[in-house]
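The values are calculated or read from the model by the stated rules, or taken from the named source; none is laboratory data. Because the structure is predicted, anything quoted here is derived from the model rather than measured. Heads up, the Cβs are rebuilt from the backbone with ideal geometry, glycines too, and the neighbour counts pull from every protein chain shown.
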Amino acid sequence: MTPRSGDVPTPRAQPRVGALIPHRLLIVSGPFATGLPGARVVAAIGRGVLSGGLPEPDLCPIEGTEAAPGVAQLLDALDFDRRMRRARAVIIGDAYLEERALAGSVTFEIATRARQRGVPAYAVTGLNELNAFDARILDLQVILQASSVPALVAAGRTLATLV
């Protein structure tokens, strides 16, 4: 269509490259062991993420181990869904990943919500007993093992290169 004289062309909005993909990670974890509460786990992974060159992550420690039906209420109280939508990816910390222990767990709920909303999920665990099929069902991109503060920092640094 040829513009008529006096018509002012409407400028097309150009999408800003990278404007739609957040840069910040959301790190969520419960306790790994006595002396290693959720706050300490997320802080250690967060230090690794920072040293890997990523921006300050959103740290979301979970103290205590909730089971269904309290999982949804726990995540709602943490404003989890809003925080996840603003994240580039979710890193889930769990002391022990095993297929039998996942049903109704916080880890299962977080992985499910992330998958449903198209947010990549990664896991850091003290002990991984999931087989490849179970990890695929949860849609976990990578599962790293770490059970000490230095190992959690190293896992965060590794994740910074993967997300």
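A compact table of results
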item: Where Ala87 falls short, out of the listed (1) of a type outside the set (Val, Ile, Thr); (2) modelled with pLDDT of 75 or more; (3) out of contact with any Leu (no Cβ under 8 Å at 6 or more places or on another chain); result: (3)
item: Among residues of segment 95-154, those that are among the aliphatic types (A, V, I, L, M), in a helix (DSSP H, G or I) and under 22 Å from Ala77 (Cα atoms), counted; result: 5
item: Yes/no for Arg82 being among the basic types (Lys, Arg) and in contact (Cβ under 8 Å) with a residue 24 or more places away in the chain; result: no
item: Residue pairs meeting the criteria (Cβ under 7 Å; at least 6 apart or on separate chains; first in a helix (DSSP H, G or I), in segment 27-54; second among the polar types (S, T, N, Q) and crowded, with 24+ Cβ neighbours inside 10 Å); result: Gly38/Ser29; Val41/Ser29; Val42/Ser29
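For every residue, the table says whether it meets (1) among the β-branched types (Val, Ile, Thr); (2) within 14 Å of Val153 (Cα to Cα).
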| position | (1), (2) |
| --- | --- |
| Ser51 | no, yes |
| Arg83 | no, no |
| Arg117 | no, no |
| Val124 | yes, yes |
